[in-house]
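Undergrad: Quick one: this structure, given as structure tokens, is what I'll be asking you about.
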Amino acid sequence: MQFIKYILLFLIFIASNLIGKTISQKYKLRFNELEEMKNALNIFKAKIKFTYEPIGEIFEDISNQTTKTNIKNLFKNAQIALENKSASKAWQYALDTTNTNMKQDDIETLRNLGKLLGTENLDGQISQIDLTEDFLEIQIKQAEEEKKKNEKLYQKLGSIIGLGIVVMLI
């Protein structure tokens with residue numbers, strides 16, 4: 001009977017550690033996704049400026065080049081939605097339907113980019129991408145600070161809470 005009790009206490013400790021790691025991982029994932037989105041916008045800007053490809057093809061190229069699954073899905077969903085919708089509405093749809101680790105502020109920054117997609121001239125779209133990149137840079141810095149501050153905190157908090165539960169149950 002004691003053996004089962006110790007196994008259960010060990011499992012509680014492991015579970016609380018995993019919960020702490022999962023929460024701390026969200027900060028890292030958000031930071032990585034914002035970095036990847038900034039890189040994707042650089043590709044987007046370069047393709048608009050130099051290749052004059054249609055937006056649908058650019059979305060497809062970006063989805064093939066990105067490494068983060070959520071960002072890849074975002075551009076893929078936008079490309080698919082572009083078949084039935086305008087570029088602006090397709091971008092909005094992709095932002096609404098794609099699961100990411102970004103905060104609502106990050107999504108709103110990207111949503112502003114979509115307002116001018118396909119409706120402005122080339123210079124207007126490029127300036128909107130530049131503006132979005134500037135806002136993303138600020139949010140990347142904030143995400144990095146949050147990651148540094150909270151990543152270890154939640155990992156240690158999970159361990160301490162698990163240890164506290166185990167001690168109380170002994």
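Undergrad: Collect the residues in segment 46-64 that are assigned to a helix (DSSP H, G or I) and exposed (fewer than 13 other Cβ atoms within 10 Å of the Cβ), keeping them in residue-number order.
TA: Let us first name the residues in segment 46-64 that are assigned to a helix (DSSP H, G or I), namely 46-50, 55-64.
Scanning segment 46-64 gives Phe50, Asn64.
Undergrad: Let me ask something else about it. For segment 135-170, which positions are modelled with pLDDT under 85 and surrounded by fewer than 12 Cβ atoms within 10 Å (Cβ to Cβ)?
TA: Those that are modelled with pLDDT under 85 and surrounded by fewer than 12 Cβ atoms within 10 Å (Cβ to Cβ): Leu169, Ile170.
Undergrad: Identify the residue in segment 120-144 that is in a helix (DSSP H, G or I) and among the polar types (S, T, N, Q) and, among all such residues, is nearest to Glu35 (Cα to Cα).
TA: Gln139
Undergrad: With (1) closer than 18 Å to Gln125 by Cα; (2) at pLDDT 85 or above; (3) buried (at least 16 other Cβ atoms within 10 Å of the Cβ) as the list, and Arg30 as the residue in question, which single condition is left unmet?
TA: Status for Arg30: all satisfied but (1).
Undergrad: Would you be able to say whether some residue in segment 38-45 is within 21 Å of Ile161 (Cα to Cα) and either within 20 Å of the chain's Cα centre (by Cα) or crowded, with 18+ Cβ neighbours inside 10 Å (or both)?
TA: no
Undergrad: Within the bounds of segment 74-89, is there any residue that is under 22 Å from Leu131 (Cα atoms) and charged (D, E, K, R)?
TA: Filtering segment 74-89 for residues under 22 Å from Leu131 (Cα atoms) gives 74-75, 78, 86-89.
Remaining after also requiring charged (D, E, K, R): 89.
Yes, some residue in segment 74-89 is under 22 Å from Leu131 (Cα atoms) and charged (D, E, K, R).
Undergrad: Follow-up. Among residues belonging to segment 1-50 that are touching a Phe, Trp or Tyr at 6+ places or on another chain (Cβ under 8 Å) and aliphatic (A, V, I, L, M), point out the one that is farthest from Phe135 (Cα to Cα).
TA: Ranking the qualifying residues of segment 1-50, first place goes to Ile23.
The values are calculated or read from the model by the stated rules, or taken from the named source; none is laboratory data. Predicted model only: the values in this text are computed from it and were never measured. Cβ coordinates were reconstructed from backbone atoms using ideal geometry, including for glycine residues, and neighbour counts include every protein chain displayed.
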